[in-house]
């Protein structure tokens with residue numbers, strides 16, 4: 001092309017971004033555009049910011065933010081929304097809030113982004129408050145708005161507010177949207193309102209796999225394992241195909257009701273379908289066998305998972321904590337820990353708390369001190385659950401416990 005201008009450069013970057021090219025490729029084009037002497041428009045900045053998709057792209061996004069301020073685009077709602085979305089994707093909520101506060105005019109997309117951001121950070125109170133502000137601004141919430149705010153409910157925002165949101169979803173005519181219905185089913189389950197979740201599920205005009213999985217999850221989280229299993233069988237009868245997330249949820253149901261027989265049948269079903277090495281399914285199976293006292297099977301599943309993680313290993317440790325020492329758990333947990341480390345498993349604070357607890361049960365101060373040293377090495381020594389495990393371990397001397405207590409405070 002002999003003639004290039006801001007529009008053509010921006011279109012080129014947008015093409016790369018839409019095809020999921022890496023951020024560096026888009027940024028390289030932006031640098032070439034700058035060197036050619038072309039001015040960046042607000043749309044140009046928006047395209048570059050949208051290409052910043054992961055936390056590692058935040059530095060590039062911050063450079064664009066500086067350019068936005070220099071160019072006077074900071075109060076542009078489209079550019080601002082792209083900037084705060086970039087910061088939210090990077091996990092920098094404080095930076096997103098600063099951008100949000102500097103916007104004089106806020107549209108529904110901008111508010112939706114912040115509601116979603118607060119929800120992902122677990123701040124249901126701010127998410128709910130922003131939703132109320134949205135209504136006060138006279139803006140019309142969309143189904144996406146309701147899905148985000150309902151999904152963020154938790155903590156200070158309880159079942160009462162959730163029911164209010166349900167009523168507002170009916171009032172604004174979005175309650176029949178499948179994403180809103182799914183969020184409401186999950187919401188009621190979160191607060192133990194199983195009957196309300198069932199009513200919401202039954203009243204939904206359209207249901208998909210997410211809907212069914214949400215209902216199964218409600219049953220599992222509220223210790224209704226048998227209902228979860230019945231729901232899954234109904235899914236099969238209706239010809240609804242499932243995914244690994246649904247299977248993992250069902251296996252969790254078997255764990256909750258300690259139905260090892262059915263769990264083994266599902267294990268065979270999983271193996272036949274080729275999901276045996278899936279991380280989520282494998283972790284659920286490990287938890288099932290560990291809770292039912294079959295550690296041999298739990299270890300076998302753990303060794304067969306394609307990518308081993310701390311969650312699966314922690315489930316096995318929980319199983320060791322439930323059996324007597326004369327059943328063969330002595331030292332086995334430390335051997336397994338060594339094997340897991342060699343396999344690349346990164347231990348977390350739950351791992352250390354359980355390992356230390358097992359060492360305390362065996363009155364092994366040496367093992368406990370070794371684990372304490374390793375927890376310091378990997379930067380988990382200040383996790384309160386690890387500290388409590390060390391203090392409460394009956395084998396640790398009062399002097400050692402006192403030193404540790406002062407260390408974490």
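Packing-wise, with mean Cβ within 10 Å as the measure, how do 200-206, 163-169 rank, highest first? Write out the running numbers ahead of the final one.
Details: 200-206: 15.0, 163-169: 17.4.
Packing order, densest peptide first, comes out as 163-169, 200-206.
Given an 8 Å cut-off on Cα distances and at least 6 residues of separation, report the relative contact order of region 38-120 as a percent.
30
In what order do 92, 304, 127 fall by count of nearby beta-carbon atoms within 10 Å, going from fewest to most? It would help to have the intermediate numbers written out before the result.
Numbers: 92 18, 304 13, 127 25.
Lowest count first: 304, 92, 127.
For region 126-284, calculate the relative contact order in percent as a whole number, restricting contacts to Cα pairs under 8 Å that are 6 or more residues apart.
Details: 184 pairs, mean separation 24.4, N = 159.
Once divided by the residue count of region 126-284, the mean separation gives 15 percent.
Could you give the Stokes-Einstein D for region 260-307 in µm² per second, using the C-alpha Kirkwood radius, 20 °C, 1.002 mPa s? The partial results should precede the final answer.
On the way: Rh = 10.4 Å.
Estimated diffusion coefficient is 207 µm²/s.
Report the far tail of the P(r) of region 1-54, meaning the percent of Cα-Cα pairs longer than 15 Å. Mind showing how you got there, number by number?
Working: 527 of 1431 pairs.
It works out to 37 percent of all Cα pairs.
So for region 72-150, considering every pair of alpha-carbon atoms, how many percent are separated by more than 14 Å?
Numbers: 1743 of 3081 pairs.
Of all Cα-Cα pairs in region 72-150, 57 percent lie more than 14 Å apart.
Quick check: pseudo-label points 7 Å beyond the Cα along Cα→Cβ at residue 237 and residue 108, how many nm apart are they?
Taking the two extended label points, one gets 4.0 nm.
Please express the shape of region 96-247 as an equivalent ellipsoid: the semi-axes are the square roots of 5 times the eigenvalues of the C-alpha gyration tensor, given largest first in whole angstrom. Each step should come with its number before you reach the end.
Details: eigenvalues 187, 44, 39 Å².
Largest first, region 96-247 gives 31, 15, 14 Å.
Distance in nm between label sites at residue 341 and residue 24, each 7 Å beyond Cα in the beta-carbon direction?
The answer from the label model is 3.4 nm.
Cα-based Rg of region 5-145 per 2.2 N^0.38 Å, rounded to two decimals?
Values: Rg = 15.5 Å, N = 141, 2.2 N^0.38 = 14.4 Å.
In units of the globular-protein estimate, region 5-145 measures up at 1.07.
Could you tell me which of rounded, prolate or oblate describes region 204-275, using a ≥ b ≥ c as the square roots of the eigenvalues of the alpha-carbon gyration tensor, with rounded for a/c under 1.5 and, failing that, prolate when a/b is larger than b/c and oblate otherwise? Present the calculation step by step, with values, prior to reporting the outcome.
Values: a/c = 1.93, a/b = 1.18, b/c = 1.63.
It comes out oblate by the Cα gyration axes.
Read-outs: derived from the displayed coordinates by stated rules, not from any lab. Computed from a prediction, not measured in an experiment: that's the story for all the values here. In this analysis, Cβ positions are derived from the backbone assuming ideal geometry, glycine residues included, and neighbour counts consider all displayed protein chains.
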